[in-house]
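These notes are about the structure you will find just below.
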Amino acid sequence: AQALLGHSDKTVAWEEVFDETKEMPSRQSKYRHICDRTFLRPRDMIKFCNEVLRSFKDSQGDHDIFDNAAIHGARDRYSDYLLNELDDEIAKHVPEYKEYLEVIKALGSEKFMRDNFARQWANRFPDRAAEAPAALQHLFEFSVIGYLKPGGRGGGSEYVWRYRDPRARFDPTAETLRVHPGFKEALDLTRSG
């Protein structure tokens, strides 16, 4: 906020820096849009906001506060950052994780079905077809993917993410899976319903 508004000792409200008069896609606020693309860690939020500032400075459009274009402009660099963070965290535990990501890339969509992953896995690694469920579990454990949990008595299905609930366990019977939105650009995925 100081870099944008020139304030040094004043508390600055979110709305003074981010234009919330126009929603992001899916009718999200900019704050929610950014939160959905992070693991809610302070360093992720700071990195995304710094990339927004960089994008804003690069384009310096008609606005004097961050608009949707500045947020969109930050996503590619932030997504690369998040993928690099993943590499630091997962590589020593699951050295073959890049193979898993290649299968996700081949699927091409943020949202996918478990059976489609298994087929794509079997096509790429015919002698290791039985490893597909373990690959999905590893991806879940590092919050690369979440799974759709059908609603219970109260209704309302929701995605289960490990970063949101460290006690969450992967459901190997879950049919519908989704890649964390922060990886969308780095993995070159299309948005899906």
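The values are calculated or read from the model by the stated rules, or taken from the named source; none is laboratory data. Keep in mind it's a predicted model, so treat the numbers as computed, not measured. Glycine gets a Cβ as well: all are built from the backbone with ideal geometry, and neighbour counts include every protein chain shown. Just the protein is used for accessible areas: all its heavy atoms, side chains included, with ligands, DNA and RNA removed. Shrake-Rupley method; radii C 1.70, N 1.55, O 1.52, S 1.80 Å.
Below are the figures for this structure:
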| read-out | value |
| --- | --- |
| Complete set of residues in segment 119-172 that are in a loop (DSSP other than H, G, I, E, B), without any contact (Cβ under 8 Å) to a residue 12 or more places away in the chain, open to solvent by 70 Å² or more (accessible area, probe 1.4 Å) and out of contact with any strand residue (DSSP E or B) (no Cβ under 8 Å at 6 or more places or on another chain) | Pro150, Arg153, Gly154, Pro166, Arg167, Arg169 |
| Any hit, segment 81-93, residues being under 19 Å from Asp44 (Cβ atoms) and hydroxyl-bearing (Ser, Thr, Tyr) | yes |
| Among (1) more than 20 Å from Leu82 (Cα to Cα); (2) buried (at least 18 other Cβ atoms within 10 Å of the Cβ) - the single one Ala186 does not satisfy | (1) |
| Among the residues listed as Lys98, Lys92, Lys105, the single one being assigned to a helix (DSSP H, G or I), open to solvent by 70 Å² or more (accessible area, probe 1.4 Å) and free of Cβ contacts under 8 Å to residues at least 60 places away in the same chain | Lys98 |
| Of residues in segment 31-83 being assigned to a loop (DSSP other than H, G, I, E, B) and in contact (Cβ under 8 Å) with a residue 60 or more places away in the chain, the one most open to solvent (accessible area, probe 1.4 Å) | Leu40 |
| Filtered residue count, segment 1-24, keeping only those that are surrounded by fewer than 11 Cβ atoms within 10 Å (Cβ to Cβ) and at pLDDT 80 or above | 4 |
| Condition check for Ser192: within 15 Å of the chain's Cα centre (by Cα), at pLDDT below 95 and open to solvent by less than 50 Å² (accessible area, probe 1.4 Å) | yes |
